[in-house]
Amino acid sequence: QVQLVESGGDLVQPGGSLRLSCVASRTFISIYDMGWYRQAPGKQRELVTSITSGGSTNYADSVKGRFTISRDSAKNTVYLQMNNLKPEDTAVYYCNRVVRTPWSWGQGTQVTVSS
């Protein structure tokens with residue numbers, strides 16, 4: 001069974017930066033379209049950015065220009081560089097493949113943006 005372990009979340013002030021990591025085991029992320037999702041309290045989980053197996057990236061309008069997704073296939077890891085963070089970015093962040101049937105979700109990593 002594929003396991004996803006997210007890390008890197010923290011409490012940060014508005015305008016700050018964080019880098020999230022997602023390590024996958026028992027699979028090879030390079031062959032999948034991978035994405036970062038987030039779920040804020042009381043809201044549904046949403047896809048904020050994705051990277052295809054070919055390396056093309058997509059971003060939700062709310063994070064475009066501030067977030068960057070990348071992948072290190074040798075480390076089987078997906079990253080999310082988040083800059084100029086805003087309070088509305090506060091959420092639990094998850095990674096998963098971008099398909100109709102994702103893998104089992106990891107525990108996520110909490111990002112809190114507050115002064």
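The values are calculated or read from the model by the stated rules, or taken from the named source; none is laboratory data. Note that the structure is predicted; figures quoted are calculated from it, not measured. Every residue, glycine as well, gets a Cβ built from its backbone with ideal geometry; the counts of neighbours run over all protein chains shown. Just so you know, the surface numbers come from the protein's heavy atoms only, side chains and all, with ligands and any DNA or RNA stripped out. Shrake-Rupley method; radii C 1.70, N 1.55, O 1.52, S 1.80 Å.
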Query raised in the report: With respect to the numbered conditions (1) crowded, with 18+ Cβ neighbours inside 10 Å; (2) at pLDDT below 95, which one is the sole condition not fulfilled by GLN1?
Result: (1)
**Report entry** Selection status of ASP10, open to solvent by less than 30 Å² (accessible area, probe 1.4 Å), closer than 26 Å to SER115 by Cα and either within 11 Å of the chain's Cα centre (by Cα) or not hydrophobic (A, V, I, L, M, F, W, C) (or both)
**Finding:** no
Requested in this report: Please identify the pairs in which a residue from the range 58-69 that is free of Cβ contacts under 8 Å to residues at least 24 places away in the same chain has its Cβ atom under 6 Å from the Cβ atom of a residue that is part of a loop (DSSP other than H, G, I, E, B) and open to solvent by 30 Å² or more (accessible area, probe 1.4 Å), counting only partners at least 6 apart or on another chain.
Outcome: ARG66/ASN83; ARG66/ASN84
Query raised in the report: So which of ARG19, ARG26, ARG38 ends up being touching a Leu at 6+ places or on another chain (Cβ under 8 Å) and either under 13 Å from ASN96 (Cα atoms) or of a type in the set (Lys, Arg) (or both)?
Result: ARG19
Query - Residues (among the β-branched types (Val, Ile, Thr) and crowded, with 18+ Cβ neighbours inside 10 Å) located in the range 99-111 - result: THR109, VAL111
Query raised in the report: Looking at (1) in contact with a Leu (Cβ under 7 Å, 6 or more places away or on another chain); (2) closer than 14 Å to ARG19 by Cβ; (3) open to solvent by less than 20 Å² (accessible area, probe 1.4 Å); (4) not hydrophobic (A, V, I, L, M, F, W, C), which is the only condition ASN96 fails?
Result: (2)
Requested in this report: Looking only at the range 93-115, count how many residues are among the hydrophobic types (A, V, I, L, M, F, W, C), over 13 Å from the mean Cα position of the chain (by Cα) and not in a strand (DSSP E or B).
Outcome: 2
Report summary line: Checked against (1) out of contact with any strand residue (DSSP E or B) (no Cβ under 7 Å at 6 or more places or on another chain); (2) at pLDDT 95 or above, PHE67 satisfies every condition except (1)
